[in-house]
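A short reminder: the numbers here are calculations on the coordinates, not readings from a lab. Predicted model, so just to flag it, every value in this text is computed and none were measured. Here the Cβ positions follow ideal geometry from the backbone for every residue, glycine too, while neighbour counts run over all protein chains shown.
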Amino acid sequence: MDKKTDNAKQDLIRLQKYLADQGIASRRAAERLIAEGAVQVNGKTVTEMGTKIDPSRDRVKVNGELLGGTQRMRYILLNKPAGYICSVQDERGRRTVMDLIPEVSERVYPVGRLDYNTSGLLLLTNDGALTHQLLHPSHEVEKTYLAEVEGFLPRGAVEKLCRGVQLSDGLTAPAKARVLRRKEASTLVEICIHEGRNRQVRRMMEAVGHPVLHLRRIGEGFLDLQGLAPGQWRELSAEEVRRLKNL
């Protein structure tokens, strides 16, 4: 085998991984799209999971829409209010974060999720490679939250959060947590995590006996919400995009 052929084989990736990297869906959801016949490669419908493609040469379409084309790359920082779904559309007719960015014509996707009742910092982009990078556990991108929890949170509970909390899906990584304000009925906690488990902060607080009353994400990596009121958004600068890619 010559070197050129060997390099070409190394450039091939699984179709479902490519769809996930493009921000279309999670790897598992991408597999469902393939199985349902919604994906075409070079004009032919592909339903086999083992299919590999060359992203630099092959033309991939999902439901007729070409991926990886020459569309403008968008990088959006949104201050999500509570009461919105982090999804492109909702089968139950609820408001989605897309309703907050009607001026954006490109098809962008949320990077990760915030619960319906959780507000704060949310990134949206059509850069699948960056989405994959930010969500991959090995990169350990820190996300900072303000959590108002029930009751007077004792020092011992904070120490448990900092050591790691046992949840139904295993022990969490150690968090950074500190109390900002204590009242008789509630405590305001700043907590920083780098994992992306479902409803993780809420579950961690429940595990130490202090359910969340209000939750807001205030930071991700070096990004914060300065200057953005709830429902407002802005484009990331070229320098911010570069720093995100180098995290």
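Annotations
- Förster-model FRET efficiency, 22 Å R0, Glu142 and Glu184, C-beta, rounded to 0.05: 0.10
- Here r is the Cβ-Cβ distance between Arg243 and Lys176 and R0 is 25 Å; the resulting FRET efficiency, rounded to 0.05, is 0.75.
- Rounded to the nearest 500, the helix-only mean residue ellipticity at 222 nm of the chain stands at -6000 deg cm²/dmol, with each DSSP H run of n ≥ 4 adding -39,500 (n - 2.57).
- The phi torsions of the range 51-64, fed into the Karplus equation with coefficients 6.51, -1.76 and 1.60 and a -60° offset, translate into couplings of 4, 10, 10, 9, x, 7, 10, 7, 9, 10, 10, 10, 6, x Hz, rounded to whole numbers, with Gly and Pro shown as x.
- Counting beta carbons within 10 Å around each of Arg14, Arg72 and listing the fewest first gives the order Arg72, Arg14.
- The number of Lys pairs in the chain with C-alpha atoms less than 18 Å apart, excluding pairs fewer than 8 positions apart on the same chain, is 12.
- With distances taken between every two different alpha-carbon atoms, the range 142-220 has a Kirkwood hydrodynamic radius of 12.2 Å.
- Its relative contact order, with pairs defined as Cα atoms under 8 Å and 6+ residues apart, puts the range 142-220 at 46 percent.
- The range 75-115 and the range 206-229 have Cα centres lying 18 Å from one another.
- Net length available on complete extension from Arg94 to Glu48 is 13.2 nm, with 0.36 nm assigned per residue and the Cα-Cα distance removed.
- Tail beyond 32 Å, pair distance distribution of the chain (Cα, percent): 30
- Counting beta carbons within 10 Å around each of Arg27, Arg92 and listing the fewest first gives the order Arg92, Arg27.
- Ala29-Glu159 pseudo-label distance in nm [points 7 Å out on the Cα-to-Cβ vector]: 4.2
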